[in-house]
1. Given the criteria in contact (Cβ under 8 Å) with a residue 40 or more places away in the chain and over 25 Å from Ala66 (Cβ atoms), does Leu187 qualify?
2. Can you tell me which residue is surrounded by the most Cβ atoms within 10 Å (Cβ to Cβ) among those in the stretch 137-146 that are touching a residue at least 60 places away in the same chain (Cβ under 8 Å) and outside any helix (DSSP H, G or I)?
3. Report the residue count in the stretch 64-116 for those that are small (Gly, Ala, Ser) and touching a residue at least 60 places away in the same chain (Cβ under 8 Å).
Amino acid sequence: MSCCLWVGQGAGLDPRSFWAGDGRVGVMIDTPNRAINLTPVAPSTLPHSGKALQVNFSEAINSGYANYFRLQGRARRAEYWWFVLFGFLLDLVVMVFQVFERLSAPPLHLIFGLFALVFGLAQLSTIIPSVTLEVRRLHDTGRSGKWVAWQIAALIFAVFLLTAGAAARSTPVVLFGTALGAVSFALSLAIFVFLLLPGDRNDNPYGTPRT
């Protein structure tokens with residue numbers, strides 16, 4: 001609940017300085033001769049004075065899995081990119097174990113293959129939270145998560161049309177699929193730039209910044 005603050009002068013400070021308001025924040029200054037009531041403003045227009053939440057690597061991973069299917073709300077820039085790094089490291093580990101599996105003789109190659117499978121499953125588990133986290137990161141910059149939906153839809157239709165066009169040997173279908181692929185790529189570049197931008201310091205339609 002918001003309130004109005006009465007700032008008195010000297011010993012004349014009224015102990016009843018705080019009173020329930022109407023959802024706005026106001027300031028009143030008491031001087032010896034008169035009181036000045038400043039125009040109330042909405043809390044969402046006031047800048048947040050707290051420092052941005054600092055998220056480390058482990059906290060970002062925990063947050064990503066804790067909000068596995070969550071599309072609402074906002075995610076800070078560090079929270080998103082730490083999780084991206086986590087997925088990249090899993091990919092790297094899987095590739096290393098796959099190389100060792102191919103170069104090793106039995107039964108050692110079975111052990112490396114098992115490790116590759118385990119880390120591969122772990123990498124697959126990051127797909128959904130990566131998408132939902134990407135949506136929340138866009139929300140943090142004040143943009144709709146529909147950007148992600150458009151990019152994914154364009155990619156799916158492009159792959160479908162290219163596959164169907166190649167099977168049917170239909171040049172128009174292949175060309176249309178190629179055009180959709182270019183649209184998907186352009187959307188991916190735009191989203192990538194948005195993900196690099198800092199988040200809104202104040203409230204936006206998607207929530208309050210984590211401070």
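1. Against the criterion (in contact (Cβ under 8 Å) with a residue 40 or more places away in the chain and over 25 Å from Ala66 (Cβ atoms)), Leu187 qualifies.
2. Applying the filter and picking the extreme gives Gly145.
3. The qualifying residues number 3.
Listed here are the residues, each with its yes/no results for (1) in the same structural domain as Val93 (by TED's automatic domain parsing); (2) on the phi > 0 side of the Ramachandran plot; (3) surrounded by 18 or more Cβ atoms within 10 Å (Cβ to Cβ).
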{"position": "Leu114", "(1), (2), (3)": "yes, no, no"}
{"position": "Leu121", "(1), (2), (3)": "yes, no, no"}
{"position": "Val135", "(1), (2), (3)": "yes, no, yes"}
{"position": "Ala167", "(1), (2), (3)": "no, no, no"}
{"position": "Pro172", "(1), (2), (3)": "no, no, no"}
{"position": "Val183", "(1), (2), (3)": "no, no, no"}
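The values are calculated or read from the model by the stated rules, or taken from the named source; none is laboratory data. Computed from a predicted structure; not experimentally measured. With ideal geometry, Cβ positions are generated from the backbone for all residues, glycine too; neighbour counts draw on all protein chains shown.
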